[in-house]
Amino acid sequence: MTANPATPLLDTVRTPEDLRKLSPDQLTQLADELRIETISAVGQTGGHLGSGLGVVELTVALHYVFNTPDDRLIWDVGHQAYPHKIITGRRDRIRTLRQGGGLSGFTKRSESEYDPFGAAHSSTSISAALGFAVANKLSGKPGRGIAVIGDGSMSAGMAYEAMNNARAAGNRLVVILNDNDMSIAPPVGGLSAYLARLVSSEPFLGIRDLARKVSRRLPGPLHRAAKLTDEYARGLAMGGTLFEELGFYYVGPIDGHNLDQLVPVLENVRDMADGPCLIHVVTQKGKGYARAEAAADKLHAVQKFDVITGEQAKAPAGPPSYTNVFAEALIAEATRDSTVCAITAAMPSGTGLDKFGKAFPARSFDVGIAEQHAVTFAAGLAAQGMRPFCAIYSTFLQRAYDQVVHDVAIQNLPVRFAIDRAGLVGADGATHAGSFDVTYLATLPNFVVMAAADEAELVNMVHTAALHDSGPIAFRYPRGNGTGVALPATPERLEIGKGRIVRQGSKVALLSLGTRLAEALKAADQLDAKGLSTTVADLRFAKPLDTDLIRRLMATHDVIVTVEEGAIGGLGAHVLTLASDEGLTDTGLKIRTMRLPDVFQDQDGPEKQYDTAGLNAPQIVETVLKALRHNSAGVAEARA
């Protein structure tokens with residue numbers, strides 16, 4: 001394929017089939033253009049930048065060498081897949097990334113045949129690729145399963161569980177270990193497997209020990225060089241021997257930005273006749289964009305930004321985020337109590353525990369992408385008298401549900417769960433929405449489940465959790481900024497299972513759990529304007545319910561509406577169960593539950609998502625009016 005010199009190569013590549021028509025010496029130019037296009041697109045939409053820039057050459061090489069989509073290419077997590085989307089028929093929509101009605105920020109099966117497996121949580125790629133590979137092997141199809149997994153995702157046990165079973169796939173499975181946390185190593189290719197065996201042998205270890213002792217006597221620069229050489233050798237030893245013991249043919253490390261190295265190695269692996277192969281590729285996160293390369297986080301996730309200056313769009317100044325409020329409240333508790341400690345699973349900045357870690361480094365634990373371990377580790381700490389706070393996003397806590405049940409709830413251990421990103425989360429969409437935590441926690445015996453209506457309530461709930469020693473307790477709070485209420489100078493210990501009346505009325509009662517309280521109050525204003533006196537209660541607790549308060553409201557109001565930012569099975573289900581068990585609906589009382597719809601909602605602005613979900617003030621008002629109209633019709637029919 002010969003392109004017009006004035007025409008960018010990227011303009012000639014709509015699909016990988018077009019890419020495979022290029023000559024090898026055109027691939028570097030294509031990669032350069034693909035990197036520029038990625039930077040330009042993310043500048044307009046925001047999103048994950050650094051990880052995608054680090055795999056541009058790898059993306060080009062994989063689609064060039066392998067026969068995608070018949071060969072199934074799976075990107076672990078998927079936030080590095082923007083370049084992949086551009087060259088798989090989605091370039092014309094790339095500037096809709098993470099927008100309502102636009103492209104997902106992750107891989108998504110319904111979006112393209114080149115996304116064979118959806119991913120937004122880490123460490124699933126090898127298991128999925130193994131499934132594709134074995135299925136093709138059993139059915140006699142030629143396709144491979146190719147997993148691209150980052151070094152961070154390899155901290156999750158699931159990756160090793162998959163590799164432990166990989167022999168069944170034979171040569172149909174290829175794993176690309178994308179290592180972006182070490183310096184670029186010489187492209188030793190096949191020689192690295194030999195070196196891996198060599199440097200892990202007893203003679204080599206003895207020589208290395210002697211060399212280390214000698215290096216301590218060397219001048220500074222030579223000593224540092226010797227130390228780096230030793231670390232590199234140990235990396236080879238661990239990489240080669242570990243993966244080979246799991247049954248993989250290990251190749252690497254190779255330079256992930258050098259297409260002259262990548263393409264031949266991938267072609268050799270493609271043509272291998274034996275078992276599964278792991279290719280250790282070393283890349284630089286943020287590669288090719290100087291501002292990303294210089295940033296501490298390599299511009300992992302960004303707002304919309306100016307490509308020239310790198311300046312990111314700033315959100316209007318407002319109240320502190322719930323995450324920051326939690327972090328400061330937890331630091332205050334740890335200052336008062338030396339048994340308070342904190343655990344997170346590879347999300348210290350996302351959960352605010354980076355601040356806690358600076359204040360109390362000995363009591364802060366980032367266990368990596370290992371939510372199961374985080375929960376059971378917290379259970380062990382609690383059993384030994386510590387007061388652990390396990391801070392995990394709602395959607396990631398799902399990964400550790402068995403540990404929550406078996407290791408915490410059954411043993412009634414006082415682990416404190418700080419559940420960030422509760423409710424809908426905007427641009428990250430369905431994969432990161434905290435829709436289910438109330439449902440899956442409030443069903444468990446021994447659990448206390450709270451939801452903060454605002455940032456002041458969050459401070460009180462952190463304090464309440466710190467002092468709660470009689471079993472597990474969880475509190476949830478959303479992504480984004482608070483409401484601007486004043487924070488308490490001295491936190492209040494909440495009485496377990498007791499809500500509060502925020503506004504007193506007589507005809508309609510709105511029972512709110514979480515931050516929909518603000519919308520419930522708006523709805524109450526509108527209902528009052530229609531002559532419908534409305535009570536608003538902040539229940540605070542999904543479990544245990546404030547049964548006395550709920551009974552009183554049911555006995556004195558015509559309509560009860562529960563409002564929550566969670567899926568079916570949460571607060572509304574518990575209130576209905578209470579009413580049913582005690583016959584509280586026999587008097588003609590109307591009870592309605594408002595919750596997230598029984599769908600996985602795609603990305604959009606949070607307010608639009610809640611409007612679509614029907615959880616804003618206008619929908620609350622309409623729910624009340626419908627209930628009253630239904631009640632009036634029923635009364636009229638009965639009289640007739």
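The values are calculated or read from the model by the stated rules, or taken from the named source; none is laboratory data. Since this is a predicted model, take the numbers as computed values, not measurements. Here the Cβ is made from the backbone with ideal geometry for all residues, glycine too, and neighbour counts use every protein chain on show.
Miscellaneous remarks
- Verdict on Arg98 being of a type in the set (Lys, Arg) and not in a loop (DSSP other than H, G, I, E, B): no
- So Thr515, is it under 33 Å from the mean Cα position of the chain (by Cα), among the polar types (S, T, N, Q) and assigned to a loop (DSSP other than H, G, I, E, B): yes
- The single condition among (1) farther than 19 Å from Gly247 by Cβ; (2) surrounded by 24 or more Cβ atoms within 10 Å (Cβ to Cβ); (3) among the basic types (Lys, Arg) that Arg144 does not satisfy is (1).
- Answer residue from region 329-341, given it is without any contact (Cβ under 8 Å) to a residue 60 or more places away in the chain and among the small types (Gly, Ala, Ser) and is nearest to Thr464 (Cα to Cα) among those: Ala334
- Within region 563-590, being under 21 Å from Tyr610 (Cα atoms) and either more than 31 Å from the chain's Cα centre (by Cα) or not in a helix (DSSP H, G or I) (or both) holds for Val563, Glu564, Glu565, Gly566, Ala567, Ile568, Gly569, Gly570.
- Apart from one condition, Gly310 fits all of (1) assigned by TED's automatic domain parsing to the domain that holds Ser153; (2) within 30 Å of Tyr393 (Cα to Cα); (3) touching a helix residue (DSSP H, G or I) at 6+ places or on another chain (Cβ under 8 Å); the exception is (1).
- Enumeration of residues in region 275-300 that are out of contact with any helix residue (DSSP H, G or I) (no Cβ under 6 Å at 6 or more places or on another chain), touching a residue at least 24 places away in the same chain (Cβ under 8 Å) and surrounded by fewer than 18 Cβ atoms within 10 Å (Cβ to Cβ): Ala295, Asp297
- Within region 570-593, residues that are free of Cβ contacts under 8 Å to residues at least 24 places away in the same chain sit with their Cβ atoms under 6 Å from residues that are buried (at least 17 other Cβ atoms within 10 Å of the Cβ) and not hydrophobic (A, V, I, L, M, F, W, C), at 6+ positions apart or across chains, in these pairs: Gly572/Thr562; Gly572/Thr593; Gly572/Arg595.
- Test result for Gly52, out of contact with any Lys or Arg (no Cβ under 6 Å at 6 or more places or on another chain), assigned to a loop (DSSP other than H, G, I, E, B) and modelled with pLDDT under 95: no
- Matching residues, region 99-116, being touching a helix residue (DSSP H, G or I) at 6+ places or on another chain (Cβ under 7 Å) and buried (at least 22 other Cβ atoms within 10 Å of the Cβ): Leu103, Ser104, Gly105, Phe106
- Every pair of residues 6+ apart whose Cβ atoms lie under 8 Å, when the first sits in region 154-179 and is without any contact (Cβ under 8 Å) to a residue 12 or more places away in the chain while the second is part of a helix (DSSP H, G or I): none
- Qualifying residue in region 410-425 (condition: in contact (Cβ under 8 Å) with a residue 60 or more places away in the chain, out of contact with any strand residue (DSSP E or B) (no Cβ under 8 Å at 6 or more places or on another chain) and in a helix (DSSP H, G or I)): no
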